[in-house]
Structures are given as structure tokens and as C-alpha cells.
1. Quickly work out the residue 43-to-residue 325 label distance, labels modelled 7 Å from Cα along the C-beta direction, and quote it in nm with one decimal.
2. Going down the list 238/463; 123/532; 238/349; 2/123, which pairs span over 30 Å between their C-alpha atoms?
3. Over the chain, calculate the relative contact order: mean separation of alpha carbon pairs under 8 Å at least 6 apart, over the residue count, as a percent.
4. Want the number for residue 389 to residue 119: 0.36 nm per residue separation, take away the alpha-carbon distance, what's left?
5. At 7 Å along the Cα-to-beta-carbon direction for both residue 438 and residue 345, put a label point, then send me their distance in nm to one decimal.
6. Give the lysines whose C-alpha is closer than 23 Å to that of residue 446, dropping any in the same chain fewer than 8 places away, or say none.
7. Compute the length gained on full extension between residue 268 and residue 431: take 0.36 nm times their separation in residues and subtract their Cα-Cα distance, giving the result in nm to one decimal.
8. If you average the sequence gap of Cα pairs under 8 Å that are 6 or more apart and divide by the length of segment 321-398, what percent do you get for the contact order?
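FYI, it's all coordinate maths here, none of it is from the lab. For clarity, every value in this text was computed on a predicted model and none was experimentally measured. Using ideal geometry, Cβ is built from the backbone for each residue, glycine included, and neighbour counts are taken over all protein chains shown.
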Amino acid sequence: MKAEELLAQRFRDHGIRWFFGIPGGPSIPYMEAFRKAGIEFILTSHEASAAVMADVTARLTGITGLCHATFGPGAVNLASGVGGALLDRSPVLALTTEMPDSWLGRTAQMNIDHQELFRPVTKATFRLTGDDTGEIINRSLVIANEEYPGPVHLGLPSDLAGTEAVNSRGTVRAAAGPLPEEPESKPYSDERARVLIASARRPLIAAGLTAARAGAGPELLRFLEQCSVPVVVTPMAKDIIPSSHPCYAGVLFHALSDRLNRMISEADLIIGLGYDPVEYNYESWVPDVPLVHFDLRHTDLQVKGSIRSVSPVAGWFESLSLMRSSPAMVDRAAEARLEINAGLKAANKGFSPVTALAILRETIPGNSIVTADVGSHLHLLGQMWEVPAAGKLIMTNGWSSMGFGLPAAVAAALNNMDTTVVCITGDGGFLMHAGEIMTARRYGLKIIVVVLSDGELNLIRLKQSWKNLEPYGTDVITGPLFGSQSFLGVEVIRVSESGQMRLAVSQALQSMGSTIIEAVVDPAVYGDLIVKP
């Protein structure tokens, strides 16, 4: 079996259906082999977008994402998106074309060391040869899907295609982020931790990304039916518990999260459930009280005196069975929710970002998939957006790279052709990957792109103001962002007040293709809502 045929067969058997990237000459045999195996190549406008699309495909399907780039500059572009899969915890295989053995270390056009390039942004990097292709594919898929899930880089020497490859056997896990069959350690038996849990009068649960990815939401809700204690969540765990639940307090780190401080300061025990510090370090908010951290694997937790437990999700709640309800802390959670909602309501005036997002939330179907770019608007979205059980809110928080929103929406639309997909971005983030509008057109995708246009990099402007500095280097545009009623063949609707926004969203929902809504918002409310670290 030829190397390209073996890769195609293994990837197809694993369940992979999409292959994102920009081709080079040596990648043509792989594209053809993948096509014959039923894996469709999706041409993107930028390699970083290809990695984002692979990341989001893995999140939505539970199957490892696949992306590709060619030599040198293509690989460098891809790496910036692959880093997102690493810190946002998505299983991805990143393929790049590399020089043949005879050219390694030599001066040549587009020639750099891809293993050195990808080592810091992946869980592992390999260079394939015909003798070890099957084994490396197996290892890579397993590594990518073990906790924490993340990307693995595979270098394909340009002379590998067409050569015979060893088809070694091996079992490959198909699901993204599977629980380890044998945890690194069993639930703790530390008597001090048991005493802390049993004796806590004002406990607080912090649920994080790992808990959300592991599907711990239903077990958490069942636990809260028996034991009422407040719950805070990290941004990427927003949908683990409904925001209408009486124990729900709010989102850490995002807009108006300082309203949680009174409740947090009164806690006598913090329980971390699948809390991934890649989103927000414990040290940034945890008071000087005991911390018990439950996880699926050992982490580099640095909180002095913390107690750690590694086990499957069921083990977390078995240990928490000793906990008692805390009506007083649940009351504090309710107070925090009321204050946060009041602050958001006060900002819903004129045509602010809060107003635009509120209208959007009221208008789109409940099962919509919403992708969020990075910027000031993300702080509002993370706190105020209610995620229905049938819907999704997809963001980057571990990596936090601007430009994420649009390629994420393309991947969401490809994998959910019958579902409304909405991208919420700022003008700065949109410009970074605007070419993916053409990708959406090329594949006949329907995406509603809401560009909250304020003409500036507002989050940087805010951070400058916190340092008592004049705004500098943050102006994006003066006047209309698009200046016409279409962009790359996609309709643009410019709105500047609530009635126009409602009409534009309704029109976009009825359209057969993608629509860009340029929402010209007043950014003044950001200063009142975004919390200074």
C-alpha cells in the first residue's frame, strides 16, 4: 500500500470526513487518495483558518480534525491556528509537506525545520517514513485524543508519496477527548479533603472546560438537586449548567464578574470540577481558603495547599456526596445574578453592543450555533448569552486569537448544513480572516456574520485607559467598514439602530446564502462592563 493510500484509509476508518488547508505540489497525491477514500478537501483562504476549522470540527463531531499546509510559510501560518487546538483542547492532526531527507539542514527555498516549529504548539510532532507510517498514524490519533486532547503534527517528506508504507496494526480511538480507561490515580483517600467537604458551610463549585468536554453537566445537575451550592463557570464551560438554574452564579473573568466577589469572598471551600487553568488561573480569583481540584489527569496546579483528585467524572461526585447544601451561599449566587443582569440591562440603551446582542439572541432559533471572535464583545457575550440545550456557543479562550470567529463558523456550517450558524465578531477580528467569506461562498454555506463595528480595537483601547494612556494604534476604520452593499459577493446590511437590526437578522434568516450585518455600535458601555484584572 502506498503511503498516501494508507493515510487515507486510516483517517477514513477513524471517521474523518473533512481535510482543511491550502495545497502544494507534493500534497496532490494525498488529496487524490483522500478524495477516493471519501475525505473531502476544503480549500481555505489562509492556513491558520484551516487549523481553526479542524479544531471546531473536532469539537462538534467528536472526531479528530485534519488540516494541511505546505513548506515553510504555509506551515508557519498553520502553526498559529494549531496553537488554538492545543490550548483550547481539541484533537487535531496537522500535516505539512517537508523536504526529503537529502535536503534536511541545507539552505533551500521554503526550507525550515517543521519539527522545531510545531514542537511548542503540539502534544507531539513526527516525521513519517515508509517503514513507520502505520505505527505513527496510530500513535498520533491516540495522543491527540488523550486528556488533554490537542494537536499532533505529522511531517510528510515530499518524496514519501508513491512509496510503499508498512501497514502496522493498532487500535485507534475514534472519539474526541475520551476518558482514560485507567485514571492516573484513584479518587483520593486523603482524610483532610473528606473532612473539608463534609464540614464546609459555604462551599463554592467552579466548573471548567474539562468538565464541559467530558459531559459532566447532567451529573452536576443531578448533584445540585440533592445539594444546593452555588456554581461559577469558566467561559468555555458556559453551557454546563443553565443560567436559569437557581445555583448558577455567573461566568468568571467575563463582563461584570466582579459582582461575584462578595460570594467568592464568603466561601470557605472551593471545589474545582474539571477546572482548566488555561482559561483563568485559580490564583487570579480564589480567596485564601482550601481548594479541592477534581480532574481527569494531573495538571501543573500551583496553588499552595490544594488537594487534587484524578478520576473519571463519576468519582468526582462520589466524593462530593459528603457535601451539604448551603442556602446562604445560594442566596449570594442569586444576588450576584441579579446584579449582573441589572448591569447588562442598564447597558442596553441606544444602540450598544449589548442591545445588538440582545436582539440577536431573541431573533435567531434556539438550536443555533454561535461562534464568537475575540475582543471586548466576547466579554459581554460570554456573560449574557444564554445557551439553550440544543444550541452551541463556540469560542477560543485558552488561545484567544483574534480572527477565530469566521473560520469557526465555516466549520460549524459545513458540519451542520441544516442549522442556523451565526458568527459574532468585531471589525478588527473580521479583517484578519475576511477571505473565509469566499470559502463560505465556494461551498454554498449560509452564515450570518454579525460584525460589531466600532472602528477600533476596543479591548486594547480599554487597557490603555487603565494605564492612564491616550489611545494609540487602535483605530481600525473611520466611517463604514464595507462601503458597499456586498463583500466578496455576499450581501452586506449596515444597521445603526434596533429596528434596523431586527429587520436585518430576519432578512438574513430568510436568505438562501450568507449575509454580513455591519452593526455600527456605540462602544462606550464596554468601559462599565469589562472588569479590570
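1. Taking the simple label geometry, residue 325 and residue 43 are separated by 6.2 nm.
2. Working: 238/463 25 Å; 123/532 33 Å; 238/349 25 Å; 2/123 27 Å.
Going by Cα-Cα distance, 123/532 fall outside the 30 Å limit.
3. Numbers: 1189 pairs, mean separation 67.8, N = 533.
The normalised contact order for the chain reaches 13 percent.
4. On the way: separation 270, 0.36 × 270 = 97.20 nm, distance 3.74 nm.
Using 0.36 nm per residue and subtracting the Cα-Cα distance, I get 93.5 nm.
5. Each label point is offset 7 Å from its Cα along the Cβ direction, giving 4.8 nm.
6. 392
7. On the way: separation 163, 0.36 × 163 = 58.68 nm, distance 4.63 nm.
Contour length minus Cα-Cα distance gives 54.0 nm.
8. On the way: 45 pairs, mean separation 20.7, N = 78.
It rounds to 27 percent for segment 321-398.
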